[in-house]
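Let me begin by presenting the structure, written as C-alpha cells, before commenting on it.
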Amino acid sequence: VKRISGIFIILSTILTGDSLDTDVNHVIVDHKGNSIVAIIDSMDLDAIYYKLKDQMDPQTIDIDKAYFIYNDFDRIYHYDWSYYENIRRIKNRTGKMISIHNDTIA
C-alpha cells in the first residue's frame with residue numbers, strides 16, 4: 001500500500017506540474033542594446049543556438065553580434081571583448097552626471 005501511494009503521489013506531481021515556469025530564461029543582448037529572451041540550446045565559437053519560448057523551432061545568431069548573454073540568476077555566459085574595456089573606461093572617466101531632476105552626481 002505504501003508503494004502504490006508513493007507511485008500515485010509521484011505520478012500526480014509529474015502530471016500536474018507546469019514545466020514552462022521552471023525554465024531558465026537567457027537574455028541575449030546585441031551591440032545596439034536590443035535583447036532576445038530565449039532558452040539557449042548550445043554555443044560554439046561561431047554561433048549561438050537558441051529557441052524562443054513561444055516558438056520551438058531553433059534559431060541561430062552569430063556570436064560576434066552578441067554583446068553579452070546572461071540568465072535569470074545573473075550569471076553571465078558570454079561577453080564581448082569590448083565589455084570589460086567599456087567598464088574600465090567608465091570607471092576611469094572623470095566628470096559629472098545630471099539626472100532627470102537636474103541633480104548632479106559627481
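Read-outs throughout are calculated quantities, based only on the coordinates presented, and are distinct from any laboratory measurement. Values in this document were obtained by computation on a predicted structure and should not be read as measured data. As a convention, Cβ positions derive from the backbone with ideal geometry for all residues, glycine included, and neighbour counts pool all protein chains shown.
Yes or no: SER99 over 18 Å from the mean Cα position of the chain (by Cα), small (Gly, Ala, Ser) and closer than 30 Å to ASP41 by Cα? Don't jump to the end; show me each part of the working.
Numbers: over 18 Å from the mean Cα position of the chain (by Cα): yes; small (Gly, Ala, Ser): yes; closer than 30 Å to ASP41 by Cα: no.
So SER99 does not fit the description; no.
For the stretch 69-82, does any single residue satisfy the condition of being over 23 Å from VAL24 (Cα atoms) and surrounded by 10 or more Cβ atoms within 10 Å (Cβ to Cβ)? Walk me through how you get there before you give the answer.
So in the stretch 69-82, the residues over 23 Å from VAL24 (Cα atoms) come out as 81-82.
Narrowing further to those that are surrounded by 10 or more Cβ atoms within 10 Å (Cβ to Cβ): 82.
Within the stretch 69-82, one or more residues are over 23 Å from VAL24 (Cα atoms) and surrounded by 10 or more Cβ atoms within 10 Å (Cβ to Cβ).
Would you point out which residue out of ILE63, ILE98 is loosely packed, with under 10 Cβ neighbours inside 10 Å and either within 22 Å of ASN34 (Cβ to Cβ) or hydrophobic (A, V, I, L, M, F, W, C) (or both)?
On the way: ILE63 fails: loosely packed, with under 10 Cβ neighbours inside 10 Å.
Testing whether each residue is loosely packed, with under 10 Cβ neighbours inside 10 Å and either within 22 Å of ASN34 (Cβ to Cβ) or hydrophobic (A, V, I, L, M, F, W, C) (or both) leaves just ILE98.
If you check ILE28, ILE36, ILE87, ILE100, which single one turns out to be assigned to a helix (DSSP H, G or I), aliphatic (A, V, I, L, M) and out of contact with any Lys or Arg (no Cβ under 6 Å at 6 or more places or on another chain)? Lay out the reasoning, then the answer.
Numbers: ILE28 fails: assigned to a helix (DSSP H, G or I); ILE36 fails: assigned to a helix (DSSP H, G or I); ILE100 fails: assigned to a helix (DSSP H, G or I).
ILE87 is the lone residue from the list that is assigned to a helix (DSSP H, G or I), aliphatic (A, V, I, L, M) and out of contact with any Lys or Arg (no Cβ under 6 Å at 6 or more places or on another chain).
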